[in-house]
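Asker: Let me begin by handing over the structure; questions about it come next.
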Amino acid sequence: MGKVHLITGGDYYAVKNKARDIVAGLCGKDFESNPCLEIIHGDSGEMKPGQAFSLIIESAATPAFLGSAKTIWLKNLDFDEIVKLKDSEEFDGKMNAFLALLEAGLADDTTLVMSVFSVDRRSKFFKICQKSGEIQFFEKMDIMSKDWNNKLRSVIRDSCRENEMRISEDAVAFVSETAGVDVERVRSEMDKLFAYVSPNTSISLADCKKICSRTPETAGWSFANALSDRNLSEAIETLNVIANMPKNPEIKIIYNVIGNFQDLVKIKSVCRKLGIRSGARQSEFEDKLQNVSPALRLEIKDESIFKLHPFRAWKVFSASEKFSEGELSRILTEILRTNKALVSGAFSPRMELEALAIKICRGKTGV
């Protein structure tokens with residue numbers, strides 16, 4: 001009996017990549033020129049699901065070129081398109097004929113690879129594929145999951161291992177915190193980084209800042225971190241990058257700054273309660289976090305420090321030491337004033353952000 005591979009899930013990039021890898025393994029890297037491969041383009045605007053299923057049935061009944069093993073690839077069909085046509089008599093007939101083919105089994109020399117996005121696990125299609133084939137499911141990252149950032153970090157590190165690359169913790173933090181929750185975008189950024197640093201085998205934060213997509217997220221991360229590091233030249237350089245963006249990202253950027261300095265205030269307060277000394281090294285800091293007694297943790301109440309990745313928490317702690325508590329209070333007041341000015345639209349966004357950067361980095365917030 002022939003083989004059936006269903007690659008599905010909400011992570012479109014992973015689904016596409018895995019299907020491509022399977023097809024390349026069966027038909028060679030230059031698979032598109034292989035006469036024993038038939039590609040049915042489910043992602044073509046002109047290709048309807050019913051038509052795609054009919055083509056698979058026809059292809060499965062046709063002998064392979066010169067009697068060789070045959071591969072059929074249903075490429076990148078969206079399951080939502082199938083759902084839309086449900087209960088249509090014409091479509092249901094084609095769908096049922098296709099499902100009957102899967103249940104009966106393909107010829108021994110035929111392999112069917114299907115990359116179909118977001119297949120409903122309760123559907124008859126999914127259940128038949130479970131019985132007659134092999135399924136690989138790639139879930140899209142859920143931002144509501146408390147460990148979504150850790151999962152993104154795992155994607156980054158796995159990608160580096162697969163490509164025999166090393167990456168600094170700062171670089172991991174940059175990519176995971178600026179690429180959103182879209183695994184496709186994370187992997188795309190990693191592919192660009194691999195190409196950029198080659199033939200070197202290590203990726204630094206500086207590499208990420210040079211080559212990763214210039215978006216409001218990356219600009220916000222860079223600007224907020226430059227302010228917390230009191231690095232005025234980097235903050236101004238980020239503003240120069242922002243000036244070339246087609247849309248005005250200033251509001252998103254100031255939100256990054258607000259969040260960053262709120263974290264500094266929270267962590268400074270919590271670390272004092274935990275007894276973490278000034279200048280504590282990363283190992284000492286992480287040891288203190290990992291060995292907090294339940295009673296003390298309950299007393300602290302604010303769980304934010306425990307939810308951050310340990311390296312990120314330590315970096316925020318280190319940055320918080322550059323500011324006194326009174327200074328942080330005044331900085332937050334100044335940031336909120338800048339936010340109001342940006343929202344009102346009455347002032348130049350560039351001048352407001354530049355003035356804020358100068359005040360924070362040079363300690364001119366009334367200290």
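Each value in this text was obtained by applying a stated rule to the coordinates, not by laboratory testing. Being a predicted model, the structure only gives us computed values, none of them experimental. Note that we place each Cβ from the backbone using ideal geometry, even for glycine, and neighbour counts take in every protein chain shown.
Asker: To the nearest 10 degrees, how steep is helix 250-274 against the longest Cα principal axis of the chain, on a 0 to 90 scale?
Answerer: 70
Asker: Mind giving me the nanometre distance, one decimal, between the label points for T201 and V343, set 7 Å out from Cα along Cα→Cβ?
Answerer: Here the modelled spin labels are 5.2 nm apart.
Asker: Give me the number: length gained by fully extending I236 to D287, i.e. 0.36 nm times residue separation minus the C-alpha to C-alpha distance, one decimal in nm.
Answerer: 14.7 nm
Asker: If r is the Cβ-Cβ distance from S269 to K210 and R0 is 35 Å, what FRET efficiency results, to the nearest 0.05?
Answerer: The formula returns an efficiency of 0.45 here.
Asker: Report the gain in length on full extension from D30 to D109: 0.36 nm times residue separation, minus Cα-Cα distance, nm rounded to one decimal.
Answerer: 26.4 nm is the gain from fully extending D30 to D109.
Asker: Continuing with the same structure: Based on DSSP, what percent of beta bridges with both residues in the chain are antiparallel, to the nearest 5?
Answerer: Around 0 percent of the beta bridges assigned by DSSP in the chain are antiparallel ones.
Asker: Run the simple label-point estimate for R166 and S329 please: 7 Å along Cα→C-beta, distance reported in nm.
Answerer: For the pair R166/S329, the computed spacing is 4.5 nm.
Asker: Using only the alpha-carbon atoms, how far is helix 12-27 inclined from the longest principal axis of the chain? Give it as 0 to 90 degrees, nearest 10.
Answerer: 40
Asker: Could you state the angle between the C-alpha long axis of helix 232-242 and the longest principal axis of the C-alpha atoms of the chain, as a value from 0 to 90 degrees rounded to the nearest 10?
Answerer: 40
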